[in-house]
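No lab work stands behind these numbers, since they all come straight from the coordinates. All values derive from a computational prediction rather than experimental measurement. When we count neighbours, we look across all protein chains shown, and the Cβ atoms used for this are built from the backbone with ideal geometry, even at glycine.
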């Protein structure tokens, strides 16, 4: 297994303007203590044309900063155009000697046996799925966020490849053909006016009683709460998980990564991480229920239970 | 114009519903075992091994078929219930098993090479590369298409894949890509992929307020109904929510999918089979839906329109409202 826990930075799930992405990744390249950075527009193919022109520079910048870059593939592919975009992305990755993170199984057909990463949108719930994917030459597998700690423990013990856990950020909970940002603005997806771009952290969905409940991000539905696994990361590392994914939010991600870095090197404890995150979080509240086998939105102050 | 008849694949949650569906004209009945191995793991529902054996006999005597849904994801550390479901179905002479999990597809294709495998909608294989992948890797012979594609997209897809397609024709519909939704587990801890349930009744509460009714899931308000409204079940994605100035059915209205009016388009798009959702529904609902669809499908095959069957299906639809859902692009 890995000598020390590694932090990764997931793809930006929100529709940030290209110039903001350039600035964001410049800082990540120079300052963020993450080893691996995933890039790509995985939520909506309509956003991709804004991102693609700046990607080569961002990749170059991150590599100069010593980061390993992985290109993340779209999570839901429906049209021929979207299939071609995935094929083009795979060709680009090959040309740049980068790995692809597979988020829709169709990409695997194009890709295997090239080494690749299996992303959190592929349903890996058990040892035999894990083993099968590893045989297709997956070099790392990021498990689905809804998996509880006992299942993760069993998978880590059985896995022939390193595993990664979604550890920080709003949880991607569902993806649809329908755009909920457009719908909330009385628009259709085809004429969406990119209203998702006004919400760099996603848009909170309230119940009719006023409870902050979920968040929408275009075609994606996310958690209202922000996942924070700081309380269990060292425990997960002891059980064989080597990679921990931080998903970009509209906050100082260099500082977020710094807190987790200090945690995994034993310089601060989970309480200090949580205090620090609360100061950075723009009012977001935190959760970790899935890892404790509970409803995802719960925040449980406990160590991981033993596997049963 | 006459076309090859569409195969009618109908739900049954109980042995009686299976017999009713066959008698009403189902070509195929699909069922699940009474445990977490299928996505309708509800109390009082589903089949024991001996009930499945009898159901298969009833269908086969009449020239019909039975499929078994093993369409949840096997649990880490305990694949036995899923493996037993597949082994027992094969032993009992099932006509196909409907599977989503890669590990289970691998198991079934190696252990039972003669067993017909269908790819469950829970695998959300929504384009040609994904479907070809499952065919080449595991010999899958039919795909149940996720409810995200338009008829035009289906028409482009079918000639490019080496497997049959089955589409949802009637009943409940998810606005999310199936098998990739953790909304229920985020709010209740119970998930379609793991436990085979969505928005489970154990977490539902109704509360009278100001002459109306509040429905809750896991303590959160999913809908508030006025006195004049019929209070519906609080399925999470069918609730009313607020986003800025918007207040209403953000994800999907509590409508029922109905394709009575577009069957001809689906047939022309190369679809092989129609699936009626609703293993959790009562016998009367299932047999009525099957009877009307039988007339629609036969009418289509004979070039004989049956508009009264479309009207009858609309009456059956949830809340008297129906929708062709994602099959029309404007839905998006």
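Quick rundown of the values:
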| item | result |
| --- | --- |
| Most to least packed among A:256-262, A:79-85, B:236-242 [average Cβ atoms within 10 Å] | B:236-242, A:256-262, A:79-85 |
| Mean Cβ count within 10 Å, highest first, over the residues of peptides B:71-83, B:259-271 | B:71-83, B:259-271 |
| Isotropic mean projected area of the C-alpha convex hull, the stretch B:119-272 (nm²) | 11.2 |
| Two-decimal ratio, the stretch A:85-164, of alpha-carbon radius of gyration to 2.2 N^0.38 Å | 1.09 |
| For chain B, calculated [θ]222 nm from helices alone, where every DSSP H run of n ≥ 4 adds -39500 (n - 2.57) | -9500 deg cm²/dmol |
| Calculated FRET value between residue B:204 and residue B:23, using beta carbons and R₀ = 51 Å, to 0.05 | 0.95 |
| Rg [Å, one decimal], Dmax [Å, integer] - the stretch B:71-160, C-alpha atoms | 13.6, 42 |
| Reciprocal of mean inverse Cα separation for the stretch B:186-248 (Kirkwood radius, Å) | 12.5 |
| Beta bridges per DSSP with both ends in chain B, % antiparallel, nearest 5 | 35 |
| Calculated diffusion of chain A, Stokes-Einstein form, Kirkwood radius summed over Cα pairs, 10 °C and 1.306 mPa s, µm²/s | 81 |
| DSSP beta bridge pairing in the protein assembly as shown, given as percent antiparallel to the nearest 5 | 40 |
| Among B:249, B:58, B:233: highest mean-square fluctuation, GNM of chain B, C-alpha pairs under 10 Å | B:249 |
| Among A:154-163, A:102-111, the order from most to least packed when residues are scored by Cβ within 10 Å on average | A:102-111, A:154-163 |
| P(r) of the protein assembly as shown over all Cα-Cα pairs, binned every 10 Å from zero, in whole percent | 3, 16, 27, 28, 17, 7, 2, 0 |
| Label-point gap, in nm, between residue A:275 and residue B:231 - each point 7 angstrom along Cα→Cβ | 4.6 |
| Helix-only CD estimate at 222 nm, as mean residue ellipticity for chain A, using -39500 (n - 2.57) per DSSP H run (n ≥ 4) | -9500 deg cm²/dmol |
| Relative contact order %, chain A, counting alpha carbon pairs below 8 Å whose residues are six or more apart | 20 |
